[in-house]
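S.K.: Quick one: the structure is below, and I'll ask about it shortly.
The values are calculated or read from the model by the stated rules, or taken from the named source; none is laboratory data. All figures in this text were calculated on a predicted structure; none of them were measured in a lab. Here the Cβ positions follow ideal geometry from the backbone for every residue, glycine too, while neighbour counts run over all protein chains shown. These area figures cover heavy atoms from the full protein model, side chains too; ligands, DNA and RNA do not enter into them. Shrake-Rupley method; radii C 1.70, N 1.55, O 1.52, S 1.80 Å.
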Amino acid sequence: MRIASWGHAVFAASMIALGVMGLVTGDFVAMWQPVPKWLPAHHVLAYLCALISLGSGIGLLWRRSAPVASRVLFASLLVWLVVLRLPNLFYQTPLVLVAWSFGSTAVMVAGAWVLYIWFAGERDRPRLGFITDARGLRIARALFGLSLIPFGLAHFMYLDATTVLIPNWLPWHVAWAYLTGTAFIAAGLAVSVGVLAPLAAALSTLQMGLFGLIVWVPRVVAGTVNDFQRGEFIVTCALTAGAWVVADSYRVASASPPPP
């Protein structure tokens, strides 16, 4: 096995979990929703996405299969982002909610891109140029940074939906919503322009992880979540994993993977 970092391991585990859930439900898990109605063969494509998630997640855990697994996963997520998310920014409303969906997919693309850069073989690098070198790594980080901004804006635009999730034992719910929203926006800008980017990436990952731990884990354990909320918990876990990989990429200055 070749585990490059904790983020790599968590990302692989999250893809395995998403794949298993997709196969069990026979539908797109919350991470890939919403799926446009015009897309043909929904059930077939849902199973295909689940198999890609499961196979790529397992493949990322082995040295020989990691390059192929990361390549397939990166290509699949990039197609999803460009074909099913990017066009929505130009004709669907509300823009913040649409941008949030774009950003959630972009986080996963950025994480998969970093892994592909780490594990790309010697034959891949000359053929694919900037995609697999340090320039590609900078683009992946910038994409991650931009994806954080709609997360923060959503806290302001959907304040009621944000504050209701904050546990009762925490005071000043509105203040926490504004604080975390501002933190996402500030971190996104910092990562995008490269100012205190390693710290911003690490803190945004920590914020996502704490959100899952404080908000969702107690509810899931208590069995008080509905299907939609369970999906939100899954999304939070997946986004934390993707962000963790990007944060790990700052541990070294090159495009090679960090030591275990």
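S.K.: Quote the charge dipole size of the chain about the Cα centre in Debye, to the nearest 20; the model charges only the Cβ of Lys and Arg (+1) and of Asp and Glu (-1).
M.R.: In debye, rounded to 20, the chain gives about 680.
S.K.: Just to verify a number: what accessible area does VAL82 come out at with the full protein assembly present, 1.4 Å probe, Å² rounded to tens?
M.R.: 70
S.K.: Run the numbers on the chain and let me know its relative contact order in percent, using alpha-carbon pairs under 8 Å that are six or more apart.
M.R.: Reported relative contact order: 24 percent.
S.K.: If you don't mind, another one. For the chain, what is the mean residue ellipticity at 222 nm derived from helices alone (per DSSP H run of n ≥ 4: -39500 (n - 2.57); sum divided by total residues; nearest 500 deg cm²/dmol)?
M.R.: Helix contribution divided over all residues of the chain: -22500 deg cm²/dmol.
S.K.: Another question about this same structure. Per-residue HN-Hα couplings for the stretch 161-167, Karplus 6.51 cos²θ - 1.76 cosθ + 1.60 at θ = phi - 60°, whole Hz, x for Gly and Pro?
M.R.: 5, 7, 5, 5, 7, 6, x
S.K.: I need the semi-axes of the equivalent ellipsoid of the stretch 46-91: take the C-alpha gyration tensor, multiply each eigenvalue by 5, square-root it, list largest first in whole angstrom.
M.R.: In descending order, the three semi-axes are 25, 11, 6 Å.
S.K.: Output wanted: per-residue J couplings in Hz (rounded whole) for the stretch 50-60, from phi through Karplus 6.51 cos²θ - 1.76 cosθ + 1.60, θ = phi - 60°, x for Gly and Pro.
M.R.: With the stated coefficients, the stretch 50-60 comes to 5, 5, 5, 4, 5, x, 5, x, 5, x, 5 Hz.
S.K.: How large is ³J(HN,Hα) for each residue in the stretch 148-153, as worked out from phi by the Karplus curve 6.51 cos²θ - 1.76 cosθ + 1.60 (θ = phi - 60°), to whole Hz, x for Gly and Pro?
M.R.: 6, 5, x, 4, x, 4
S.K.: Another one. Over the stretch 71-162, what is the mean sequence separation of C-alpha contacts under 8 Å (at least six apart), divided by residue count, expressed as relative contact order in percent?
M.R.: Result for the stretch 71-162 is 33 percent.
S.K.: Quick one: grab the alpha carbon gyration tensor of the stretch 74-192, order the square roots of its eigenvalues as a ≥ b ≥ c, and give me rounded if a/c is under 1.5, else prolate or oblate depending on whether a/b is larger than b/c.
M.R.: prolate
S.K.: Taking Cα pairs under 8 Å and at least six residues apart, what relative contact order does the stretch 114-219 come out at, in percent?
M.R.: 26
S.K.: Place a point 7 Å from the Cα of TRP169 along the Cα-to-Cβ direction; which residues of the stretch 196-210 have their backbone N under 16 Å from it?
M.R.: Under 16 Å, as judged by backbone N against the label point of TRP169, lie 210 of the stretch 196-210.
S.K.: Here's something else I'd like to know. Just how large is the dipole of the stretch 2-143 about the Cα centre, in debye to the nearest 20, putting +1 at every Lys and Arg Cβ and -1 at every Asp and Glu Cβ? Provide the component values of the computation, followed by the final result.
M.R.: Details: 12 positive and 4 negative charges, 82 e Å.
Charge dipole, the stretch 2-143, about its Cα centre: 400 debye, nearest 20.
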